[in-house]
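The values are calculated or read from the model by the stated rules, or taken from the named source; none is laboratory data. For clarity, every value in this text was computed on a predicted model and none was experimentally measured. Cβ coordinates were reconstructed from backbone atoms using ideal geometry, including for glycine residues, and neighbour counts include every protein chain displayed. With ligands, DNA and RNA removed, areas are computed over all heavy atoms of the protein, side chains included. Shrake-Rupley method; radii C 1.70, N 1.55, O 1.52, S 1.80 Å.
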Amino acid sequence: MAKYDNNFIDELRARLSLVDIIGRRVPLIKKGQNYWGCCPFHNEKTPSFSVAEDKGFYHCFGCGAHGDIISFVMNTEHLEYPAAIRELADMAGLKLPEFKPKSPERVQLEDSYFDIYEKATNEYQKLLFTDAGREALEYVRRRGFTDDMIKKYRIGYAPKNNIISGTFTNVKQDALIATGLVRRGEYGLYDFFRDKLMFPIFNAHGAIVAFSGRSLDGSEPKYINTTDTELFHKRQTIFGFNFARDAIHRANRSIVVEGQIDAIQMQCNGFPETVAPLGTALTEDHIAILCKSNRNITFCFDGDAAGQKAAVRACGIVLPFLRDNSDVRFAFVTGGKDPDEVLKTGGTDAMKKIIDSSIGIIDFLWNTTNKTYLTSTPGGRSQAEKFLKTQIDKIVDTDFHREIENEYDSRKFNQWHKWSKKKDKLPQIDLPAVDEITKNTLIYIVNRFPELVEQYGDFLSTLNIDFDASVINELNFDVKAAEKYIVSLKLQRYITRLNNDKKSVLQLALAGDAGAGALIDDINAELKSANQKLEKLMNIE
Ligand SMILES: [Zn+2]
């Protein structure tokens, strides 16, 4: 069986929606946590096939069929593993990585690299507590590290002289160079890290695969990391993940901070579920790794402009991973501090306050849009619309995507348009009550498809219908048709309301209100878009 890079498979799983992929073959209905449908692997009339989106697998209680997104594609499309991966990568819009099988020699070589890192770490650890490392030790203690923490994170000191290239003489030079610890210069080998406070970087299994060295004499850059090697890819490694993994399961969320020291201090002061990207750039791979445990992520950024920018970037990266049960949030540390300083001055409580005051991704995206674009002008609104659309189009879960769209539509209507703010001035014309046929159809729908009430309850309750009344006619509706019926009614009534508002504004214009002209333009634009939506809906079979 061809084996692809685990990170790639993780990202594939994280980006695609199991419910979407299965839903293309089998109509699924959500009941409780899971989705249910008729099993595609055996013949049945009542659904015993369940899909657990959050866990990433399906299970049939009738025939025992069981598997994940990959085995589903393999079994339903009769594909071998590599072909299924290719097809899924296509759907996810991901480029297939080159397939590189690991030979036994390769495994042996990698083991020898692990060995070098391990020995180097021991050496650096020892040196931290010698005369040479005194300054480094003072610094790390000043930053609030206890000896237990120094031991747990295996922090050390790389001296000014060439300790690795000078003393690891029984190791092959090529191997030393391949680890990134040593470079070849004009006068022979020299150490890459010199006079640095050394933070080992662990892979998910707790093996050291690289180092991050902090300068001690104030020289820039503050941190240098091992450049990418065969064992270490900066874009695919999250600092602290090996320590945080269990806590991320237990807390049912992860916290992402910007710096390594922040991550360590968070982990040791009440937030063991904290990690940090290496350097500042967060990547899809980082999110995919976190999403393996759960899709609940709280980003914690600096409150300054750079932090805001980083948050917007993180938001764009996380959207394809979002599901309807995800809880992705953004917290900001204000006052020019970082989490490390907050913990030092205010302790766990102060940090908890910041994390608790985080805002959800839906609000964050909305606030960002309104801060970035001038929504009091038609041009600004048009730009804002485009920005919002490109963002929410990244959401792969189709039901969720539609819900988010509705949510923003209503926010746009309520907050962007001047005439809706002028509502008090406009005489309110009541919408006509729905006719008997519509009423009976809705009573039927509500009784037959209670799952729709959750979604459209707010709208249905505006209609003043007694839904406890008994059903008059059995109608030949499936859930899709029922939903279409509700949405089109909602749109029709919205259009009626807009027309009413337009009439009122025309009255204002006749009465000499100078701003009325612009209001009419706004209403006309909204009418156009609502009519287009209705038309599109009616064209869907
Ligand atoms: Zn079955």
Out of curiosity, is residue 332 touching a Gly at 6+ places or on another chain (Cβ under 7 Å), closer than 21 Å to residue 314 by Cα and either in a loop (DSSP other than H, G, I, E, B) or in contact (Cβ under 8 Å) with a residue 24 or more places away in the chain (or both)?
yes
Check 166, 144 and return the single one that is away from the ligand (no atom under 16 Å from the Cβ), outside any strand (DSSP E or B) and at positive phi.
144
Can you tell me how many residues in region 272-296 are open to solvent by 10 Å² or more (accessible area, probe 1.4 Å), in contact (Cβ under 8 Å) with a residue 60 or more places away in the chain and in a loop (DSSP other than H, G, I, E, B)?
3
Within 30 Å of residue 28 (Cα to Cα), at pLDDT 90 or above and not hydrophobic (A, V, I, L, M, F, W, C), is that true of residue 383?
no
Could you identify the single residue in 109, 96 that is modelled with pLDDT under 90 and outside any loop (DSSP other than H, G, I, E, B)?
109
Does region 75-99 hold any residues that are open to solvent by 40 Å² or more (accessible area, probe 1.4 Å) and either within 19 Å of residue 34 (Cβ to Cβ) or within 16 Å of the ligand (Cβ to nearest atom) (or both), and which are they?
75
Please count how many residues of region 8-36 are of a type outside the set (A, V, I, L, M, F, W, C), surrounded by fewer than 21 Cβ atoms within 10 Å (Cβ to Cβ) and over 16 Å from residue 90 (Cβ atoms).
9
Filter result (modelled with pLDDT of 90 or more, outside any strand (DSSP E or B) and either under 17 Å from residue 263 (Cβ atoms) or not aliphatic (A, V, I, L, M) (or both)) within region 214-226:
226
Of all residues in region 297-306, count the ones that are surrounded by 19 or more Cβ atoms within 10 Å (Cβ to Cβ) and either within 28 Å of residue 18 (Cα to Cα) or of a type outside the set (Phe, Trp, Tyr) (or both).
5
Matching option when the condition is aliphatic (A, V, I, L, M), farther than 26 Å from residue 404 by Cα and assigned to a loop (DSSP other than H, G, I, E, B), among 437, 472:
472
What about residue 255, is it open to solvent by less than 40 Å² (accessible area, probe 1.4 Å) and in a strand (DSSP E or B)?
yes
Specify which of the listed residues (8, 57) is under 30 Å from residue 238 (Cα atoms), within 16 Å of the ligand (Cβ to nearest atom) and of a type outside the set (Lys, Arg).
57
Region 389-400: number of residues that are part of a helix (DSSP H, G or I), farther than 19 Å from residue 530 by Cβ and not aromatic (Phe, Trp, Tyr)
4
Pull out all pairs, ordered by first then second residue, where Cβ-Cβ is under 9 Å, the residues are six or more apart or on different chains, the first lies in region 159-179 and is touching a residue at least 24 places away in the same chain (Cβ under 8 Å) and open to solvent by less than 20 Å² (accessible area, probe 1.4 Å), and the second is among the small types (Gly, Ala, Ser) and in a loop (DSSP other than H, G, I, E, B).
159/132; 159/133
Suppose we filter 337, 352 for residues that are within 30 Å of residue 142 (Cα to Cα), modelled with pLDDT of 95 or more and open to solvent by 50 Å² or more (accessible area, probe 1.4 Å); which single one remains?
352
Which condition from (1) surrounded by fewer than 12 Cβ atoms within 10 Å (Cβ to Cβ); (2) on the phi < 0 side of the Ramachandran plot; (3) within 16 Å of the ligand (Cβ to nearest atom) is the one that residue 111 breaks?
(3)
Based on this model, can you work out whether residue 92 counts as closer than 21 Å to residue 292 by Cα and touching a helix residue (DSSP H, G or I) at 6+ places or on another chain (Cβ under 8 Å)?
yes
Inspect all residues belonging to region 22-34 and state whether any of them is within 11 Å of the ligand (Cβ to nearest atom) and either free of Cβ contacts under 8 Å to residues at least 12 places away in the same chain or touching a strand residue (DSSP E or B) at 6+ places or on another chain (Cβ under 9 Å) (or both).
yes
Hey, residue 215 hits all of (1) closer than 17 Å to residue 270 by Cβ; (2) open to solvent by less than 70 Å² (accessible area, probe 1.4 Å) but one; which does it fall short on?
(1)
Working carefully through the options 504, 461, 488, find the one that is of a type in the set (S, T, N, Q) and without any contact (Cβ under 8 Å) to a residue 40 or more places away in the chain.
461
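Conditions tested, residue by residue: (1) surrounded by 16 or more Cβ atoms within 10 Å (Cβ to Cβ); (2) within 21 Å of residue 429 (Cβ to Cβ); (3) of a type in the set (Lys, Arg).
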position	(1), (2), (3)
478	no, no, no
483	yes, no, no
489	yes, yes, no
496	no, yes, no
504	yes, yes, no
511	no, yes, no
516	yes, yes, no
524	no, yes, no
532	no, no, no
Return the residue satisfying two criteria in turn: it lies in region 227-246 and is surrounded by fewer than 22 Cβ atoms within 10 Å (Cβ to Cβ) and hydroxyl-bearing (Ser, Thr, Tyr), and of such residues it is farthest from residue 178 (Cα to Cα).
227
Could you please tell me which pairs satisfy a Cβ distance under 8 Å, a separation of 6+ or placement on different chains, a first residue in region 55-67 that is touching a residue at least 12 places away in the same chain (Cβ under 8 Å), and a second residue that is within 7 Å of the ligand (Cβ to nearest atom) and of a type in the set (Asp, Glu)?
62/44
Taking region 35-54 and keeping only residues that are within 15 Å of the ligand (Cβ to nearest atom), assigned to a loop (DSSP other than H, G, I, E, B) and not basic (Lys, Arg), one is left with 38, 39, 40, 41, 42, 43, 44, 46, 47, 48
